[in-house]
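Scroll down for the structure; my scribbles are underneath it.
The values are calculated or read from the model by the stated rules, or taken from the named source; none is laboratory data. Fair warning: this is a prediction, and the values are worked out from it, not measured in the lab. Counting neighbours? That spans all protein chains shown, and the Cβs are built from the backbone with ideal geometry, glycine included.
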Amino acid sequence: MSLTDERLHDLLDKSLAALPRTATADCAVVLEGSLAEGFGNSSSDIDILIVRRGEENLPTMPSVLFVDGRRVEIRTRSVRQLTEQFSALGAQARRPGTLSEDLLNRCQRLLHSRPLRGHALAGEAMALMSRERFSRIAADWWAYRARQSFRHAVALLCLGATDEAVDWSGAALVQTVKAWAAGQGETYLEPKWLPLQLDRVGRPDVRDRYEELRSPCGTPASARTHLTACLAFAAGLGLTGVTADPGRLTVERVTGVTTWQTGERVHVIRRRREVFALGRRAGAVWRSLVPGRTLPQALTAAEDAHGAEPGPVLAAFWRYGLIRLAWKGAGTVTACLPLAAPPGPVTPPPSTARPLLSVHGAAVSGPDGIDLLPLPADRFAAATMALVWSNVVAENAVEDLTGALGRGQWRVAELTARRAVHAALRGLFSAYGVHPLPADCDLVHRMDLLPPDTEPIRAHARELLGRPVDSAEHGEAGLADLRAFLTEVRRAAGADAFPSSFDSAGAWRATLELGHDWLRIGAHVDAELPIEEARDLLASHGAQPHQS
């Protein structure tokens, strides 16, 4: 230890003097952490735990002091809290995969602490679990993580992610050696002290081989060789349940992940909240996946669908939690590192594509794109339904305008033309993910919500909204200008191929089919429907309700 006893007790006296007298009454004081383990240095914190008798619910957060140039952390626990802590550890130990790292760490620090005051009470606290039992629990905890990390590395190597596979092989190596060291009584969790722990165990052969394997090269061949060597070393240290065979891995569904296709675009919704839009090749790979196939089989099928190298796409599906990988006989592969972010799906930055939506699906960055939409699933569905419905309304308005002009109903024609302009603008706003929409009369004023390149559309809309219809000549010119405006807006909103809904039975059927695709997604995520009649279209599976 880098502190003399005299210096340690002097720092302790000064630290405790800064606390209320009631905080140190009828208590034991122990030194925890790296200094208590014999690993610390002049920069190490001085970690003090005060143990008090009784049933109190003392705060978990430490008090941090700076005494004579040293950082001192003081924590407090009652005997009841410590008893519950070790009882919870014993209960969780039966399932190492769910055992809390924080709980394991707290118990380890106390069991290997150094009593400074109140030795009898400190001894009672440290006797809540034997070191031998804790050593077995810690070894099992590390071994579980080592297996998961090795399986993770096997999968990455199969998918062609060489550098990542090497990193996870290295992580698995550390976890394996920590499991073995814990079995020898070296249970301190912090991995950075592993070299000193191996020195203390007194097995130079293990230490030297560990050091040899720590720095591999990054080529595919060397990565495979490194993984094989690490697995052999791990087996020699008693780790079981893992091999280098990727055929032990299977591709499986993830609960809460659903697939929705509109036109050629594949959308994947995660947990009914997040929407991923897949590019052409990524969508083909997604459609090629068959749950239960081995990872090599899935990769072969994906190669046929992708036409190039699908490994990165499959790896991204896995990374984002859209699929899961399972080890035959051992459940889902879930790798994690100590003292790091918890395991789980990664959420990428949201897509920056603009406009975000079209009637045929969300925009994507490219053929291999797996793009997270920057709006929640219910808003995505509501906005796309509004986009489709706005185009239906615009089509209907054009039909009504044509009829009004034919009858010389100039005031009706003027109001109908404005209705068509507003419907088109609603579609444009929806394409950019705006939902709920501004009121119709505010649309042209709220176009500052949209990118600057939509300014010509706003100028055109202002001109049309202010144009009177008071003669056949003005009406026909206005109709032609309105059609040009709708074409301009639809091109910007990705709706240029929208069916001419009211021209024929076939066009109306195409409109219903398009609307039904989006209604199904909206119903799945409980999104707001654009009109009540949409429920009937959903119930009829896209057919007209009275169709024979």
Scan the range 106-121 for residues that are part of a helix (DSSP H, G or I) and surrounded by 16 or more Cβ atoms within 10 Å (Cβ to Cβ) and jot them down.
-> R106, C107, Q108, R109, L110, L111, L121
Could you please find all residues in the range 39-74 being over 39 Å from the mean Cα position of the chain (by Cα), free of Cβ contacts under 8 Å to residues at least 60 places away in the same chain and outside any strand (DSSP E or B)?
-> S42, G54, E55, D68, G69
Among all residue pairs at least 6 apart or on different chains, which show Cβ distances below 9 Å where the first residue, located in the range 111-125, is on the phi > 0 side of the Ramachandran plot and the second is surrounded by fewer than 16 Cβ atoms within 10 Å (Cβ to Cβ)?
-> G118/D26
Would you check if there is a residue in the range 409-432 being in a loop (DSSP other than H, G, I, E, B) and touching a residue at least 24 places away in the same chain (Cβ under 8 Å)?
-> yes
When (1) surrounded by fewer than 21 Cβ atoms within 10 Å (Cβ to Cβ); (2) over 17 Å from the mean Cα position of the chain (by Cα); (3) not in a helix (DSSP H, G or I) are applied to A340, the one that fails is (2)
Criterion (over 17 Å from V393 (Cβ atoms), hydrophobic (A, V, I, L, M, F, W, C) and touching a helix residue (DSSP H, G or I) at 6+ places or on another chain (Cβ under 9 Å)) met by exactly one of L450, L486 = L450
Any pair with Cβ under 6 angstrom, 6 or more apart, that starts in the range 153-165 at a residue that is under 12 Å from P312 (Cβ atoms) and ends at one that is of a type in the set (D, E) and assigned to a helix (DSSP H, G or I) | L156/E164
For L213, indicate whether it is farther than 18 Å from L325 by Cα, at pLDDT below 95 and surrounded by 13 or more Cβ atoms within 10 Å (Cβ to Cβ).
-> yes
If M385 passes every condition in (1) free of Cβ contacts under 8 Å to residues at least 60 places away in the same chain; (2) closer than 20 Å to P374 by Cβ but one, which one does it miss?
-> (1)
Out of the residues in the range 303-333 that are within 19 Å of T258 (Cα to Cα) and free of Cβ contacts under 8 Å to residues at least 60 places away in the same chain, state the one that is surrounded by the fewest Cβ atoms within 10 Å (Cβ to Cβ).
-> R319
Do you know which residues across the range 420-458 are among the charged types (D, E, K, R) and surrounded by fewer than 18 Cβ atoms within 10 Å (Cβ to Cβ)?
-> D440, D442, R446, D448, D453, E455
What helices (runs of 4 or more DSSP H) lie completely within the range 166-280 and have 2 or more residues being in contact with a Leu (Cβ under 9 Å, 6 or more places away or on another chain)?
-> 204-213, 220-236
Members of the range 261-303 that are at pLDDT 95 or above and under 19 Å from H516 (Cα atoms) = V266, H267, V268, I269, V275, A277
So A404, is it small (G, A, S), surrounded by 24 or more Cβ atoms within 10 Å (Cβ to Cβ) and assigned by TED's automatic domain parsing to the domain that holds V489 = no
Just one of the numbered conditions (1) over 36 Å from the mean Cα position of the chain (by Cα); (2) part of a helix (DSSP H, G or I) is not true of L89; which one?
-> (1)
